[in-house]
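Trainee: The structure's right below; bear with me while I get my questions together.
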Amino acid sequence: MTTDAATPTTVTVRRAADAQPLISAADLPPARHFIDGTFPEGTSPDGSPGRVIDVIDPSTENVIARIPEGTAGDIDRAVAAAAGAKGRWARLVPKDRSEVLHAIADRLAENTDLLVRLESANTGKPLAVSQDDIGMTIDTFRFMAGALRANTSMAAGDYVEDHLSVILREPLGVIGVITPWNYPLLMAAWKIAPILAAGNTLVIKPSEQTPLTTLKFAELVADLLPPGVVNVVNGHGPETGARLAEHPDVDMIALTGSVASGRAVARAAADTLKRVHLELGGKAPVLVFEDADLAAAASALKGAGFWNSGQECGAACRILVHESVADRFIGQLVDEVRSLVVGDPRSGEDVEVGPMVSKAHFDRVTGYVERARNEGARAATGGAALDGPGYFIAPTVLVDLPEGAEATRQEIFGPVVTVETFADEEEAVRRANDVPLGLSASVWTENARRGHDIPARLDSGTVWVNSHLVLAAEVPWGGFKGSGYGRDLSVYALDDYSRTKHVMHHHGR
Ligand code: NAD
């Protein structure tokens, strides 16, 4: 360990000089559900306003909106609307569905600035992260608009004498969607775009903490879609999410969220045997071999470990470095991490790390750091909460962890990376795979054999070589093991949200 890396640093939260808020009241979407093409008044079965959920800006701790807390009855109404709309939407030919998706992309692009500010106000995420989110949201709609017109399948033909086989690809019907708070609109888009592209209708329940951009999406595209094709119901997971998962008229349930919610959703879906699509947690191993370009790795991992303040399922959070280069690499990584700009999103476009999304999540992340210290770990940099208001934590690199320490095995989901060492390839692969999650991983090496061989041995849905956290709409995203099943993005998502039917014609005489 270098002396430099062991020196603690003082991190301060950059604040905006004026108290100018990111959004005004006029920017907010209607604080209602969106059902059958409208934002209906009243939320409870008797039409009364019902209970509300406070929506908080985590960089100021101010309440910025109040949204209705949905009920099972709201879900039932939304599912009925989606079921009523599914026949007409499914019958549209690909070209017509494609035009609607392109129109949605255009509408979002026209409103990029508003969506960026709304997303940052609700999540505290740096503006640069929101800009990336909204850019990828638009690109996801554009990709799906194109891909749905280029479906491929096995050739129609006689596979049994005098029997012609034709494979049809059909929509499933009504899809239930449940999204998390870390990328509210982007995770919604990863579901909505392929679900609509494949000819389904949907009901989405955004995270109760971050509903604003999903509601704004509904407001912005309401005139582009037939009523009932997209419906949004606000509310908590155990009530509205659970009802969506168990609902007999929902043909498939797609969740992006934690492993615990994934289990709950799969259980709730079991009685109706509906299809389940789960994008769950990650604990990405990052294998840095002795032949790697260490400076390039340290620089890239500053981004990939702390993007979205580490609240990222693919974050480069679990670094395993060859023992012969560990001191040098940790020194370089710590220098990089100390250069991160922590701040309120209003304080400049160069802010790189924002607050945790909520007080509860802040407590969760600081709890992990505290327990890691109790297990013998040392913060080579960071390791402390930062002064409020807002739920800020200093970018942290934990070293000297005993093998199997909690911080190296469980998803922390904050600005915290751990660094451990390995002695050889076998140990690197064994330890990389030795967690129940398998979403993504990266391998850092200049050796071509390793660059192919090690990814093939890792239990991860995505493996980067000399890179980390680079995504594109054309390529699939999804996990193995406890990270779930099903694929977002790419034509694989279109497959997931549709069904194949074999039609066989006997034409013998
Ligand atoms: P969460 O599981 O707490 O919440 C996700 C959604 O599930 C919310 O809308 C919530 O209301 C709902 N929910 C909670 N309990 C439910 C239940 N019993 N039934 C139905 N719905 C329920 O997750 P979060 O804290 O919002 O998001 C962080 C998690 O999401 C992390 O674990 C992260 O790794 C994961 N994530 C995964 C990916 C991926 O692509 N694999 C992407 C982003 C986030």
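Here, each number is a calculation from the coordinates, and none is a lab measurement. Not measured: the values here are computed from a predicted model. In this analysis, Cβ positions are derived from the backbone assuming ideal geometry, glycine residues included, and neighbour counts consider all displayed protein chains.
Trainee: For a Förster distance of 25 Å, can you work out the FRET efficiency between the beta-carbons of residue 499 and residue 162, rounded to the nearest 0.05? Show your work: numbers first, answer last.
Mentor: Numbers: r = 27 Å, r/R0 = 1.07.
E(calc), rounded to 0.05, equals 0.40.
Trainee: Taking every eigenvalue of the Cα gyration tensor of the range 116-243, multiplying by 5 and rooting it, what semi-axes result, largest first, whole Å?
Mentor: Values: eigenvalues 235, 60, 31 Å².
After diagonalising the Cα gyration tensor, the semi-axes are 34, 17, 12 Å.
Trainee: Using a ≥ b ≥ c from the Cα gyration tensor of the range 259-320 (square roots of the eigenvalues), is it rounded, prolate or oblate, where a/c under 1.5 gives rounded and otherwise the larger of a/b and b/c decides, a/b for prolate? Don't skip to the end; give the middle numbers.
Mentor: Details: a/c = 4.64, a/b = 3.02, b/c = 1.54.
Prolate, because a/c is 1.5 or more and a/b exceeds b/c.
Trainee: How much of the pair distance distribution for the range 285-472 lies past 30 Å, counting alpha-carbon pairs only, in percent? Mind dumping the intermediate values first?
Mentor: On the way: 2422 of 17578 pairs.
Counting every Cα pair in the range 285-472, those more than 30 Å apart make up 14 percent.
Trainee: Residues in the range 318-361, backbone N under 19 Å from the label point at residue 19 (7 Å along the Cα-to-beta-carbon vector): list them, ranges by number please.
Mentor: Residues 344-348 fall inside that zone.
Trainee: Okay, next question. If packing is taken as the average number of other Cβ atoms within 10 Å across a peptide's residues, how do 146-153, 390-397, 29-36 rank, most packed first? Spell out each step's value before the answer.
Mentor: Working: 146-153: 14.1, 390-397: 25.6, 29-36: 21.1.
Result, highest mean Cβ count within 10 Å first: 390-397, 29-36, 146-153.
Trainee: Highest mean first, how do 202-210, 54-62, 473-481 rank when packing is the count of other Cβ atoms within 10 Å averaged over residues?
Mentor: Values: 202-210: 26.6, 54-62: 20.6, 473-481: 18.7.
The peptides rank, most packed first, as 202-210, 54-62, 473-481.
Trainee: Based on DSSP H runs of at least 4 residues, each adding -39500 (n - 2.57), what is the mean residue ellipticity at 222 nm of the chain after dividing by all its residues, to the nearest 500 deg cm²/dmol? Please list the in-between numbers first.
Mentor: Details: 16 runs with 187 residues, N = 509.
Result for the chain: -11500 deg cm²/dmol, rounded to the nearest 500.
Trainee: Find, among the GluC sites (Glu not before Pro) in the range 395-467, those assigned to loop by DSSP (not H, G, I, E, B) with at most 13 other beta-carbon atoms within 10 angstrom. Kindly include the intermediate steps, with their values, before the conclusion.
Mentor: Values: sites: 403, 406, 411, 420, 425, 426, 427, 446; in loops: 403, 411, 446.
Here the GluC sites (Glu not before Pro) that fit, given the DSSP loop and packing criteria, are 403, 446.
Trainee: Per 0.36 nm of contour for each residue apart, how much would the distance between residue 258 and residue 349 grow if the chain were fully extended, relative to their Cα-Cα spacing? The partial results should precede the final answer.
Mentor: Values: separation 91, 0.36 × 91 = 32.76 nm, distance 2.99 nm.
Computed gain between residue 258 and residue 349 is 29.8 nm.
Trainee: Regarding the range 356-454, what is the average projected area of its C-alpha convex hull, in nm²? Each step should come with its number before you reach the end.
Mentor: Numbers: hull surface 29.6 nm².
Over all viewing directions, the range 356-454 projects a mean Cα-hull area of 7.4 nm².
Trainee: In addition: Apply the Karplus parameterisation 6.51 cos²θ - 1.76 cosθ + 1.60, with θ equal to phi minus 60°, to every residue of the range 294-309 and state each ³J(HN,Hα) to the nearest whole Hz, in sequence, with x for glycine and proline.
Mentor: Result, ordered by residue: 5, 5, 5, 5, 4, 5, 5, 6, 4, x, 6, x, 10, 4, 6, 6 Hz.
Trainee: Measuring from the lowest to the highest alpha carbon on each principal axis, how far does the chain reach, largest first, in angstroms?
Mentor: On the principal axes, the chain reaches 81, 63, 40 Å in Cα extent.
Trainee: Further question: Taking a ≥ b ≥ c as the square roots of the Cα gyration tensor eigenvalues, with a/c under 1.5 meaning rounded and otherwise prolate when a/b beats b/c, else oblate, which class fits the range 189-254?
Mentor: On the way: a/c = 1.89, a/b = 1.16, b/c = 1.63.
Oblate, since a/c reaches 1.5 and b/c is not below a/b.
Trainee: Quick one: check the C-alpha center-to-center distance for the range 247-322 versus the range 402-463, whole angstrom.
Mentor: Using only Cα atoms to place each centre, the spacing works out to 13 Å.
Trainee: Using a basic spin-label model with each label point 7 Å from the Cα along Cα→Cβ, how many nm lie between residue 222 and residue 467?
Mentor: About 4.1 nm, to one decimal.
Trainee: I've got another one for you. Decide, for the range 46-175, between rounded, prolate and oblate: order the square roots of the alpha carbon gyration tensor eigenvalues as a ≥ b ≥ c, take rounded if a/c falls under 1.5, and otherwise choose prolate if a/b is larger than b/c, else oblate. Walk me through the intermediate numbers first.
Mentor: Details: a/c = 3.21, a/b = 1.70, b/c = 1.89.
Cα axes put the range 46-175 in the oblate bin.
Trainee: Multiply the residue separation of residue 72 and residue 370 by 0.36 nm, subtract the distance between their alpha-carbon atoms, and state the gained length in nm to one decimal. Intermediate values should be presented prior to the final figure.
Mentor: Numbers: separation 298, 0.36 × 298 = 107.28 nm, distance 3.91 nm.
Between residue 72 and residue 370, full extension yields 103.4 nm more.
Trainee: If Lys and Arg each add +1 and Asp and Glu each add -1, what is the summed charge of the other residues whose beta carbon sits under 15 Å from the beta carbon of residue 272? Could the numbers behind the result be given before it?
Mentor: Details: positive: 243, 267, 274, 275; negative: 76, 246, 249, 251, 271.
Every neighbour counted, the sum reads -1.
Trainee: With Cβ to Cβ distances under 13 Å as the rule, what net charge do the other residues near residue 201 carry (K, R +1; D, E -1)?
Mentor: +2
Trainee: Find the relative contact order for the chain and round it to a whole percent, using C-alpha pairs within less than 8 Å whose residues are 6+ positions apart. Don't jump to the answer; show the numbers that get you there.
Mentor: Details: 1186 pairs, mean separation 101.0, N = 509.
Relative contact order, the chain: 20 percent.
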